[in-house]
Ligand SMILES: NC(=O)c1ccc[n+]([C@@H]2O[C@H](COP(=O)([O-])OP(=O)(O)OC[C@H]3O[C@@H](n4cnc5c(N)ncnc54)[C@H](OP(=O)(O)O)[C@@H]3O)[C@@H](O)[C@H]2O)c1
């Protein structure tokens with residue numbers, strides 16, 4: 001017995017994993033993909049393929065959109081605004097916060113209940129422990145879709161601002177990218193003496209694991225806002241950063257990945273904050 005009618009637009013790696021999970025959870029799924037051949041394994045597994053986006057969205061009560069980017073979402077949804085009226089659209093395509101707000105405003109104009117989602121998981125994790133999805137936008141749409149959303153992973157409603165799920169996604173990805181860039185820097189330095197990236201990754205994993213709890217202390221300094229806790233100062237951290245840059249160059253490795261933080265620390269010192277806690281650099285990140 002099926003539980004409800006769901007449409008999935010987009011059968012790339014993520015859309016396919018989501019469709020598989022929804023079908024396994026007992027939902028009747030209709031799928032559409034630009035390259036029609038990708039619907040075939042889903043049809044064999046029990047989904048229905050639609051030839052057109054209009055046909056696909058007409059078949060479902062809740063429409064999942066898992067396309068490449070904001071542009072592809074609008075290219076495909078705008079021509080079927082009339083068919084989407086009164087339905088719940090859950091857009092899981094990665095977008096920026098303002099792109100999410102733009103799509104939400106467009107949806108509101110057309111009487112579409114819109115939820116913007118961010119997937120903190122890779123396709124293999126969908127429906128398994130550790131899969132976490134964030135949603136923001138129309139709270140009523142979230143209430144309607146919640147039981148379906150929970151089949152994909154932990155579902156968290158982040159509030160009525162449709163951009164917040166995307167913002168949190170981008171913030172967490174920013175932290176991840178800076179960390180991953182750190183491994184590349186370390187590997188570049190260590191391979192100058194013949195150490196493999198695999199060995200450096202092993203050591204970096206252990207080192208960062210030991211350091212991760214200190215994130216909470218840094219956050220407490222930022223939230224406190226006084227930047228005089230007696231923790232690691234701007235001047236101390238500048239000296240440490242200068243050593244990292246020099247060591248890198250001594251090995252013939254560019255310090256391009258390391259220099260931005262040193263530049264911010266230098267700016268703080270130049271305006272008299274050398275003795276403050278180094279996380280004060282957050283105050284320089286706001287663009288006036
Ligand atoms: N994969 C992940 O680990 C992951 C994690 C979190 C979030 N996401 C997000 O999930 C979304 C989908 O990712 P994915 O991994 O499934 O990507 P993917 O495997 O590259 O699939 C992209 C999908 O978008 C479709 N597409 C691209 N341009 C289109 C257009 N102009 N009109 C219609 N369809 C178009 C593709 O159709 P064709 O098959 O015809 O090319 C395909 O179905 C992205 O926004 C991604 O950032 C992915």
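Every number here is computed from the coordinates shown, using simple stated rules; none is lab data. Since the structure is predicted, the reported quantities are computational estimates derived from the model, not experimental observations. No Cβ is skipped: glycine too gets one built from the backbone with ideal geometry, and neighbour counts run over all protein chains shown.
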Check: C-alpha center the stretch 1-60 vs C-alpha center the stretch 181-234, spacing in Å is 43 Å
Most mobile of 78, 259, 177 per a Gaussian network model of the chain (Cα springs, under 10 Å)? 259
Computed E for residue 35/residue 3 - FRET, C-beta separation, R0 35 angstrom, nearest 0.05: 0.75
How tilted is helix 164-190 with respect to the longest principal axis of the chain? Cα atoms for both, answer in degrees (0 to 90, nearest 10). 50 degrees
Once both axes come from the Cα atoms, what is the angle between helix 197-211 and the longest principal axis of the chain, in degrees from 0 to 90, rounded to 10? 80 degrees
Points 7 angstrom from Cα along the Cβ direction at residue 228 and residue 206: gap in nanometres? 4.1 nm
Calculated [θ] (222 nm, deg cm²/dmol) that DSSP helices of n ≥ 4 give over the chain, each run adding -39,500 (n - 2.57): -15000 deg cm²/dmol
So, relative contact order of the stretch 113-266 in percent, Cα under 8 Å, 6 or more apart, is 16 percent
In nm, to one decimal, how far is the modelled label at residue 69 from the one at residue 263, with both set 7 Å along Cα→Cβ? 2.4 nm
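Can you give the relative contact order of the chain as a percent, counting alpha carbon pairs under 8 Å and 6+ residues apart?
RCO, the chain: 12 percent.
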Per the 1/(1 + (r/R0)^6) rule, R0 = 51 Å and r from the Cβ atoms of residue 105 and residue 218, FRET efficiency to 0.05 is 0.90
With the Cα gyration tensor of the stretch 145-288 in hand, give its eigenvalues times 5 under a square root as the equivalent ellipsoid semi-axes, listed largest first in whole angstrom. 31, 25, 14
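Applying 1/(1 + (r/R0)^6) with R0 = 35 Å to the Cβ-Cβ distance of residue 275 and residue 175, what FRET efficiency is obtained, to the nearest 0.05?
Computed FRET efficiency for residue 275 and residue 175: 0.80.
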In whole angstrom, the spacing between the Cα centers of the stretch 129-163 and the stretch 73-118 equals 15 Å
Nearest-ten-degree value, helix 139-149 long axis tilted from longest Cα axis of the chain: 90 degrees
